[in-house]
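Everything below concerns the one structure shown next.
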Amino acid sequence: MIKGMLAAALLVTAAPALAQVELRREGQAHQLVVKGQPFLMLGGELANSSASSLDYLRPHWADFKAAHMNTVVAPVSWELIEPAEGRFDFGSVDGLIRDARAHDMKLVILWFGSFKNSMSSYAPAWVKRDQARFPRVQIANGEGQEILSAFHPANIQADAKAFAALMAHIKAIDAAQNTVVLVQVENEIGMLPTAREYGVEANRAFAAPVPAELLAHLQANRTRLVPPLRKLWEENGAKASGSWAEVFGRGPAAEEVFTAWHYARYAEAVTAAGKAAYRLPMYANVAFNRPGKLPGEYPSGGPLPHLIDVWKAGAPSLDMLSPDIYFPNFGQLIAHYDRPDNALFIPEANNAGRDEGAAEAFLAFGNHRAIGYSPFAIDDLEKLPKSRLAQGYDVLAQLTPSLLAAQAQGRAVGVKAPVMFDGTILAEPQVVELGGYRFSVSFTDPWTPLAEQKLATHGGMILQVGEDEFLIAGSGLWITPTPVGPGPHIAGIESAWEGRFEAGQWRRGRLLNGDQTHQGRRVQFPRDHFSIQRVRLYRYD
Ligand code: DGJ
């Protein structure tokens, strides 16, 4: 009897029935929770082909670790794991998981299945070569594209089957250890070079009524819809039924909503199949549109800001829609994806070599309660451990426990000079309020000619950690506090200790004063590196 119980207990420890990774709401923030502990992802994405050779990747892991990353975002390609139909080879996945574990790192797996940047180049040869069974997109002139059609169940089923097999395999080897904590379904889905497909099935679907689920979502959420979608629907009479052209009008905007719905349904089928095998949090990533371009000139129908509702309605199994950001207006773009129904995760925050990246990470974590940040092509960057990104990650890693608590309690703010799409930097001081103080944050070094300063690389965050007490971290910041509300109206700096967190413990460095606080007038963070100060304020008249 006891023997039997012991055996049963061992079984339970060896193979947990449920995933131990989930996205959870904690106070004002969403958190990625791994084995009961919130996990803040300081990530980096591999260049597209790197994970296809473990030997190629091997020398890079030490650099990722030295750059203070805790997660590698890595593709798994359909053609590698299912080289012949129904015959799976998970060698590439096993190697990734083994090497990540050896470096004590987590993984985000990118499922490069039917769609990778609109195209289907990662589909296996047995799919590509069998056009009769796996039809491709046709554009208006009948020409075929290297893109699987979203209107043929055979395509969806083949992809979903492979993805489910991948998830079942990850469950078998990783459900106890949770090296893999997040999964991306497809990559930057979106139709090119036209706003929609024009094959026979696609044309039939476009003439058919708009599905009731989408219309019900529009009606139930009318006042909460993203403004461009609401406008499009209302301008066409806010109809409760009709064809796509009747409900959304004639033209590319309506065609894009149609494409978004069908791509969302495709992603839903694949995601649901994967989750049925192993329930990890999953997301779809999005390529942004350039202002002024038409759908089809940019990938039409992806989970773009104006189509978020279509995707939320069409793909409820996806936990997040996640922005890939290669445009300068990072702050504006991420704000669309910080929503009560969407945790912010940035799987591709432009290329890892950019000096702006670290400041952007501070903004995302501080202002938008991001659960993770990850620039692209980390293995392409020579001297990654010496990069500004690595320096910023060092500070963010130290701050993580305080930051997670502050995110949940609404006691964090991120600061960074906004950058517009055309690269214009709005360099005026930013005023933020926290813990009874108003902080005027200037991004310009008063002692250095403006032309020598790279303002877009300056940024940081303020966390309130007690009464009158703040952890402030960043680079290129000159911060003047004033009290808010009644009472004394001037703020003084009682102390500004430079320091580091070592094994979670705050270790004081210098007590900053004199020139380092401009004789007590403000808190200052040099431009050349990221640092942390523990600051106590007081009030006087
Ligand atoms: C965005 C894609 O999602 C990535 O896989 C990669 O192709 C980059 N673009 C290249 O800049």
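Looking only at the range 372-417, count how many residues are modelled with pLDDT under 95 and either basic (Lys, Arg) or touching a Lys or Arg at 6+ places or on another chain (Cβ under 8 Å) (or both).
Of the residues in the range 372-417, 1 are modelled with pLDDT under 95 and either basic (Lys, Arg) or touching a Lys or Arg at 6+ places or on another chain (Cβ under 8 Å) (or both).
Being away from the ligand (no atom under 16 Å from the Cβ) and touching a Ser or Thr at 6+ places or on another chain (Cβ under 9 Å) is the filter here; which residues of the range 283-296 pass it?
Residues of the range 283-296 away from the ligand (no atom under 16 Å from the Cβ): 291-296.
Of everything in the range 283-296, those that are away from the ligand (no atom under 16 Å from the Cβ) and touching a Ser or Thr at 6+ places or on another chain (Cβ under 9 Å) turn out to be Leu294, Pro295, Gly296.
If we scan the range 413-427, do we find a residue that is of a type in the set (D, E, K, R) and either outside any helix (DSSP H, G or I) or farther than 23 Å from Gln505 by Cα (or both)? Walk me through it before giving the result.
Initially, the range 413-427 is screened for residues of a type in the set (D, E, K, R), giving 416, 422.
Restricting the remaining residues to those that are either outside any helix (DSSP H, G or I) or farther than 23 Å from Gln505 by Cα (or both) gives 416, 422.
Yes - at least one qualifying residue is present in the range 413-427.
Find the residue count for the range 279-289, including only residues that are more than 18 Å from the chain's Cα centre (by Cα) and crowded, with 21+ Cβ neighbours inside 10 Å.
Kept after step one, since they are more than 18 Å from the chain's Cα centre (by Cα), are these residues of the range 279-289: 279.
Applying the additional criterion that residues be crowded, with 21+ Cβ neighbours inside 10 Å yields none.
So the answer is 0.
From Gly353, Gly392, Gly357, which residue is farther than 19 Å from Gln332 by Cα, in contact with a helix residue (DSSP H, G or I) (Cβ under 9 Å, 6 or more places away or on another chain), of a type in the set (Gly, Ala, Ser) and free of Cβ contacts under 8 Å to residues at least 40 places away in the same chain? Let's see the steps before the verdict.
Working: Gly392 fails: free of Cβ contacts under 8 Å to residues at least 40 places away in the same chain; Gly357 fails: farther than 19 Å from Gln332 by Cα.
Going through Gly353, Gly392, Gly357 in turn, just one is farther than 19 Å from Gln332 by Cα, in contact with a helix residue (DSSP H, G or I) (Cβ under 9 Å, 6 or more places away or on another chain), of a type in the set (Gly, Ala, Ser) and free of Cβ contacts under 8 Å to residues at least 40 places away in the same chain: Gly353.
Could you list all residues from the range 251-271 that are without any contact (Cβ under 8 Å) to a residue 60 or more places away in the chain and either buried (at least 21 other Cβ atoms within 10 Å of the Cβ) or farther than 16 Å from Ala202 by Cα (or both)?
Answer for the range 251-271, where residues must be without any contact (Cβ under 8 Å) to a residue 60 or more places away in the chain and either buried (at least 21 other Cβ atoms within 10 Å of the Cβ) or farther than 16 Å from Ala202 by Cα (or both): Ala253, Ala254, Val257, Ala260, Trp261, Ala264, Glu268.
Out of everything in the range 388-439 that is polar (S, T, N, Q) and loosely packed, with under 15 Cβ neighbours inside 10 Å, what residue ends up being nearest to the chain's Cα centre (by Cα)?
The initial filter retains those residues of the range 388-439 that are polar (S, T, N, Q), namely 391, 398, 400, 402, 407, 409, 424, 430.
Now restrict to residues that are loosely packed, with under 15 Cβ neighbours inside 10 Å: 409, 424.
Values: Gln409: 21, Thr424: 24 Å.
Among those that are polar (S, T, N, Q) and loosely packed, with under 15 Cβ neighbours inside 10 Å, it is Gln409.
Checking the condition exposed (fewer than 12 other Cβ atoms within 10 Å of the Cβ) and modelled with pLDDT of 95 or more, which residue from Asp63, Asp104 passes? Walk me through how you get there before you give the answer.
Details: Asp63 fails: exposed (fewer than 12 other Cβ atoms within 10 Å of the Cβ).
Answer to the selection: Asp104.
Please tell me if Gly302 is within 18 Å of Pro347 (Cβ to Cβ), small (Gly, Ala, Ser) and either touching an Asp or Glu at 6+ places or on another chain (Cβ under 7 Å) or touching a residue at least 60 places away in the same chain (Cβ under 8 Å) (or both).
On the way: within 18 Å of Pro347 (Cβ to Cβ): yes; small (Gly, Ala, Ser): yes; either touching an Asp or Glu at 6+ places or on another chain (Cβ under 7 Å) or touching a residue at least 60 places away in the same chain (Cβ under 8 Å) (or both): yes.
Criteria met by Gly302.
Considering only the range 419-443, how many residues are under 22 Å from Gly492 (Cβ atoms) and of a type outside the set (Val, Ile, Thr)?
Looking only at the range 419-443, we keep the residues that are under 22 Å from Gly492 (Cβ atoms), and these are 429-442.
Okay, now just the ones that are also of a type outside the set (Val, Ile, Thr), so 429-430, 433-440, 442.
Total meeting the criteria: 11.
Taking only pairs six or more apart or across chains, which ones have beta-carbon atoms under 7 Å, a first residue in the range 47-68 that is farther than 15 Å from Tyr122 by Cβ, and a second residue that is within 13 Å of the ligand (Cβ to nearest atom) and among the β-branched types (Val, Ile, Thr)?
Sorted first by the residue in the range 47-68, then by its partner, the pairs are Phe64/Ile378.
Restricting the first residue to the range 513-537 and requiring it to be under 15 Å from Gln453 (Cα atoms) and in contact (Cβ under 8 Å) with a residue 60 or more places away in the chain, which pairs with a second residue that is polar (S, T, N, Q) and assigned to a loop (DSSP other than H, G, I, E, B) meet a Cβ separation below 9 Å and a spacing of at least six or different chains?
These pairs meet every condition: Arg527/Thr448; Arg527/Gln453.
Within the range 466-479, how many residues turn out to be in a strand (DSSP E or B) and crowded, with 18+ Cβ neighbours inside 10 Å?
Within the range 466-479, the first condition is being in a strand (DSSP E or B), and the residues that meet it are 466, 469-475, 477-479.
With the extra rule that they be crowded, with 18+ Cβ neighbours inside 10 Å, the set shrinks to 470-475, 477-479.
Matching residues across the range 466-479 total 9.
This table checks each residue for (1) surrounded by 24 or more Cβ atoms within 10 Å (Cβ to Cβ); (2) modelled with pLDDT of 95 or more; (3) in contact with a Cys (Cβ under 8 Å, 6 or more places away or on another chain).
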residue	(1), (2), (3)
Pro291	no, no, no
Leu307	yes, yes, no
Ser317	no, yes, no
His336	no, yes, no
Leu344	yes, yes, no
Pro347	yes, yes, no
Asn350	no, yes, no
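So which residues in the range 37-53 are more than 16 Å from the ligand (Cβ to nearest atom) and either modelled with pLDDT under 95 or closer than 24 Å to Gly366 by Cβ (or both)?
Kept after step one, since they are more than 16 Å from the ligand (Cβ to nearest atom), are these residues of the range 37-53: 37-42, 53.
Those that are more than 16 Å from the ligand (Cβ to nearest atom) and either modelled with pLDDT under 95 or closer than 24 Å to Gly366 by Cβ (or both): Gln37, Pro38, Phe39, Leu40, Met41, Leu42.
Restricting to the range 59-114, and then to whatever is within 18 Å of Ser374 (Cβ to Cβ), outside any strand (DSSP E or B) and in contact with a His (Cβ under 9 Å, 6 or more places away or on another chain), can you tell me which residue is nearest to the ligand (Cβ to nearest atom)?
Among residues in the range 59-114 that are within 18 Å of Ser374 (Cβ to Cβ), outside any strand (DSSP E or B) and in contact with a His (Cβ under 9 Å, 6 or more places away or on another chain), the one nearest to the ligand (Cβ to nearest atom) is Phe64.
The values are calculated or read from the model by the stated rules, or taken from the named source; none is laboratory data. Note that the structure is predicted; figures quoted are calculated from it, not measured. FYI the Cβ positions are ideal-geometry reconstructions off the backbone, even for glycines, and counts take in every protein chain you see.
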